[in-house]
Amino acid sequence: MAVAAPVERRSTLFTSNVFTALLVAVLGFLFIEYVIGRGGGPLWAFGLSPNSTLLLAYIVGVLLYLAVLGFFTYPFKWILGGDETQEERLYRYGAVPGIGKYFRLTLDHKIIGAQYLFTVLLFFCVGGFNAMLIRLELTGSNAHYFSPQTYLTLVGEHSVMMLIMASSIIIGPFGNYFVPLMIGAKRMAYPRIEALSFWLFLLSGLVLLTAIFYDGFPTGWTGYAPLADQAHLGMDAYLVAFGLAGTSMIVSGINIVATVLLMRAPGVIWTRINATTWAVVVASILAWLAAPILIGVLTMVGFDRAFETGLFVPAWGGSAFLYENLFWTFGHPEVYILAVPAFGVVLDILSVFSRKPLFGYRAAVVSMFGIGLLSWFVWQHHLFVSGLTPGLRPFFMFSTEMISFPTGIIFLSALGTLFLGKVRFTLPMLFALAFFPNFLLGGISGVFLSDVPADIQLHGSYFVQAHFHFVLMGGTLFAFFAGVYYWLPKWTGRQFNDLLGKIHFWTMFLGFNGTFITLAVVGLLGMPRRVPYYPPYLHTTNFIASVFAFILGASIFPFLANLVYGIVWGKQVNENPWQARSLEWQTTTPPPIENFDEIPQVVAGPYDYGVVPSRPMAILRPSQVTAAGATAGAE
Amino acid sequence: MRRHGLRILAIWLVLTIILEFLVAKLPVPSPTGSDEGLGEHQTVYMLFYVAIPFFTFIWAMLLYILPTFRARDADSGDGPPVTDSTPLLLLWAGISFVTVIFLAGWGTFTLHEITQPDGGKPLHIQVIGQQWYWTYRYPTYGGAESSVLVLPVHRSIELDVTSIDVVHSLWIYSLDIKEDAVPGVVNHAFLNATHTARSNQYGQNWVACNELCGLYHGYMRSRMRIVSHAAFKRWATALYHREKANGLLKNLPKYHGEYFPPPVYPPAPQDQST
Ligand SMILES: [Cu+2]
């Protein structure tokens, strides 16, 4: 490419990429925390508590990281009357050879999608490793391997890491990469904001890991005050990490909603948007609205810890119950931010590999919005035994059970799509099909928990733990792997290995169901969550669950092997290996920098399989058609 | 079309009958140590009976569809372009809506039953959670305090659950009692134990903490004993006299329905002088 030369020149002295940004951020952090902060520094003398200097150090670190990455360069240049040159634009959009563009601030949504994919996998491996250590501890009924503090840190790191990771697991890689392709857009509405969402996401996971250096945090992912108020300094890492992840969710939500509202190609009317895009839009709206509550409540806990405001400390007139309510007002929509994108991915994949239109498309899309709406009215089901006016409990029981209504419609849509179809058992299809049995158990256990009398016994037990793993892992994670096997050939132009993929699928499916069905029984037998110790009568069941969990953990290795294989050596395929109709498959592989050579004119829906006469979804070069039409008219 | 429907129906019926039978026969772990536990026990079974037809329906569909509609190797064609079926959507929506109403109705009714003191004035026991143990106070015995939960059998009891530091949750698994211990809040749980019991070495019949409360959350367990009425009276009276004799009662804070938690941080020096 011709633009490579100026790039070589500008990157000789100081390369701005993830490594330099992290290095500068860590140096800034250490300077604030250890030179002028703790142990007699000027800030210490100024009377700031250790919590406040640590928070300040984190904030300075975050700003330095963003500055070195180059987030402030263009805005300041623009404010001062300058503008980017064409060369800088091409550099920023990754129109240069080499893999350096994957390690620095790049504004192309396809590169951001790839950055998200590998970060998600990294976080997943870290969180999964923590889960393995937790299960290792629980092979025996008393603490054998870790101290209680280490154990709680493992629990916290596992849960928050997985929550942060799963909030972006589908929106991040596939939403960013494919939403513009699916709606025929050249780019996202706000590329810089989109990039910001990724870099904050990456940083949030890394900040979370720094909690280990500050004695961890004892609260799990819920961070209940006042336990959070008395926790070690590691709690501040939790606050900053979760706050960064929340900010990332907000900006990502704004960008995706704006893109789908404003950037659709001509002819993309509402009913020609596919289920994945709709699902990502629903989750983005939820993220946009729910994450501010999270950030607010984390800020309040930060103030409690740093400045002793006592907002959640009952002895100072605060309220612990208020924290629980605020947290779950965010927490329940959050669950659907994780789950709804999976619905879209699974429905799309089922339609492609059954060779049939999506059954009940309109009902399914409206159901996704219905789930999003209902998710705001159910948060009290996390607090049935926490002190709500008893008279309100039936309402929250009803609203929670109502969620099974739109979810049931999505199941019907999926089954109706398979029925009478020509089902092909490809790798993505296997993972999409596994969604049913897994999510079915998640949904049914959810109905058990929504019922207050049953919930009194099951609340906070391993039954709940099994329930949300069925929903989030069995649903979202299986959908994610379905998406990887389905869409990666579009990125790489190569196909995965079928045998490795099937080994991955069966070990993961069996390990997963073995682990969490057993853990649901452990919950019914009376084991509370987040304990390093359990009574001897629970030993056998826990041991079985651990064995299955190790099988589940091992299933990542065939996947990683297959990922490398599929990127480097896989069989080369054409731009539409699945004969899918959806717009992202119609452009070249890999898609050009502006996705399409020309903005396509969309003339049909993404699901018209089996329709006679069959029409392509879009006219890919409308200018040639118009030119031909004009010529024909002139003759 | 009709042929497929009938076959799926047959698979569904067989699966449903087998699983319903299994659930009725297999003991679902759900203890019945109290009247309230009985109500919850029935609810858990009811939920199984209601959930199984839905569970088997999805499985029957999958088990039938996947082999039947598997694409033959040479077949690269498309399926029929069926997009909607209004009667089916309506039927599905109707069934799930009726089920939801039924479940919510049943749940509301049972909840009403188990959250009422049943008959007579209940015996109050205050349960105080703190890191990392439980304390039980008996206001009818001068506010005497014990680290073991002792309950009379066949007696209406009200547990007033609170905490003096962070959020805990009282879980008496064998009695189906769970109530969060939130500082600054008093939550009430009602129970009526159906038989005598005591904590054993295998860890059954213990009181546990069910909300993550810090370092030793997993070890926050206390023993309990459910004894006859007379034995309870003897035990409680002896406890009262012992604590009166050794001066403990005099030093304990006067019994109050609500415990105001002490500050998390030590008070500033000038506060102590006043
Ligand atoms: Cu506790």
- Message: Per residue of the stretch A:100-114, what does 6.51 cos²θ - 1.76 cosθ + 1.60 with θ = phi - 60° give for ³J(HN,Hα)? Whole Hz please, x for Gly and Pro, Karplus curve as stated.
- Response: x, 5, 7, 10, 9, 4, 10, 9, 6, 5, 6, 6, 4, x, 5
- Can you send over the solvent-accessible area of A:THR589, 1.4 Å probe, protein chains only, in Å² to the nearest 10? 40 Å²
- Note on the structure: Counting only protein heavy atoms with a 1.4 Å probe and every protein chain in place, the carbon and sulfur fraction of the accessible surface of the stretch A:16-83 in whole percent equals 79 percent
- Please work out, to two decimal places, the log10 of the ratio I(q)/I(0) at q = 0.04, 0.06, 0.09 Å⁻¹ from a Debye calculation in which every Cα of the protein assembly as shown carries one identical scatterer. -0.20, -0.45, -0.97
- Item | In sequence order, calculated HN-Hα J values of the stretch A:468-473 (Karplus, 6.51, -1.76, 1.60; Hz; x Gly/Pro) | 6, 6, 4, 6, 7, 7
- Note on the stretch B:123-251, DSSP bridge orientation, antiparallel percent to nearest 5 equals 70 percent
- With the 8 Å Cα cutoff and a minimum separation of six or more residues, the stretch A:265-389 has a relative contact order in percent of 36 percent
- Query: What are the ³J(HN,Hα) values, in whole Hz, obtained from phi via the Karplus relation 6.51 cos²θ - 1.76 cosθ + 1.60 with θ = phi - 60°, for each residue of the stretch A:241-249 in sequence order, with x given for Gly and Pro?
  - Reply: 4, 5, x, 5, 4, x, 4, 4, 5
- Run the quick spin-label model on A:PHE118 and B:ILE101: label points 7 Å from Cα toward the beta carbon, then report their separation in nm to one decimal. 5.6 nm
- Taking alpha-carbon centroids only, the stretch A:457-510 lies from the stretch A:535-576 a number of Å equal to 9 Å
- How much area per residue is accessible in the stretch A:209-295 when the probe is 1.4 Å and only protein heavy atoms are counted (Å²)? 27 Å²
- Message: With both bridge residues required to lie in the protein assembly as shown, what share of the DSSP beta bridges run antiparallel, to the nearest 5%?
- Response: 70 percent
- Anything losing 30 Å² or more of accessible area from the isolated chain to the full protein assembly: pick those residues out of the stretch B:195-229, probe 1.4 Å, ligands and DNA/RNA ignored. B:TYR202, B:GLN204, B:ASN210, B:GLU211, B:LEU212, B:GLY214, B:LEU215, B:HIS217, B:GLY218, B:TYR219, B:ARG221
- Between A:PHE129 and A:ASP597, with labels modelled 7 Å along Cα→Cβ, what's the label distance in nm to one decimal, could you check? 4.7 nm
- Note on the stretch B:123-251: contact order normalised by length, alpha-carbon pairs under 8 Å, 6 or more apart, percent, works out to 28 percent
- Query: If you take the accessible area of B alone, add that of A alone, and subtract the area of the pair, what total do you get in Å², probe 1.4 Å, to the nearest 100?
  - Reply: 7900 Å²
- Note on the structure: the stretch B:90-109 and the stretch B:53-70 have their Cα centres apart by a whole-number Å value of 23 Å
- Which parts of the stretch A:245-266 would a label at A:ARG621 reach, counting a residue when its backbone N lies under 15 Å from a point 7 Å out along Cα-to-Cβ? none
- Message: Only sites in a loop by DSSP and with at most 16 other Cβ atoms within 10 Å count here; which GluC sites (Glu not before Pro) in the stretch A:545-616 make the cut?
- Response: A:GLU575, A:GLU594, A:GLU598
- Note on the structure: The simple spin-label model distance between B:LEU91 and A:LYS502, using points 7 Å out along Cα→Cβ, in nm, is 3.6 nm
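Please compute the length gained on full extension between A:HIS232 and A:ILE212, using 0.36 nm multiplied by the number of residues separating them and subtracting their Cα-Cα distance. Working shown, then result.
Numbers: separation 20, 0.36 × 20 = 7.20 nm, distance 1.07 nm.
Full extension from A:HIS232 to A:ILE212 adds 6.1 nm.
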- Give the long-range amide H neighbours of A:TYR224: residues separated by 5 or more places, or on another chain, with amide H under 5 Å away, using H modelled in the peptide plane at 1.01 Å from N. none
- Task: Show the residues, 5+ positions off or on another chain, whose built amide H is closer than 5 Å to the amide H of B:ARG198.
- Result: B:ILE226
- Task: Starting from the Cα of B:ALA231, step 7 Å toward the Cβ, then list every residue of the stretch B:182-198 with an amide N under 11 Å from that point.
- Result: B:196-198
- Whole-Å distance, taken between Cα centres, linking the stretch A:74-150 and the stretch A:300-378: 23 Å
- Would you please give the residues with an amide H less than 5 Å from that of A:ARG494, counting only those at least 5 places away or on a separate chain, with H modeled from the backbone geometry? A:VAL573
- Length added when fully stretched, A:ALA258-A:VAL60, from 0.36 nm per residue minus Cα-Cα: 68.3 nm
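The values are calculated or read from the model by the stated rules, or taken from the named source; none is laboratory data. Computed from a predicted model, the values in this text were never measured in an experiment. Glycine also receives a Cβ, built like all others from the backbone with ideal geometry; neighbour counts cover every protein chain displayed. Side chains are part of the model used for accessible areas, which takes the heavy atoms of the whole protein and leaves out ligands, DNA and RNA. Shrake-Rupley method; radii C 1.70, N 1.55, O 1.52, S 1.80 Å.
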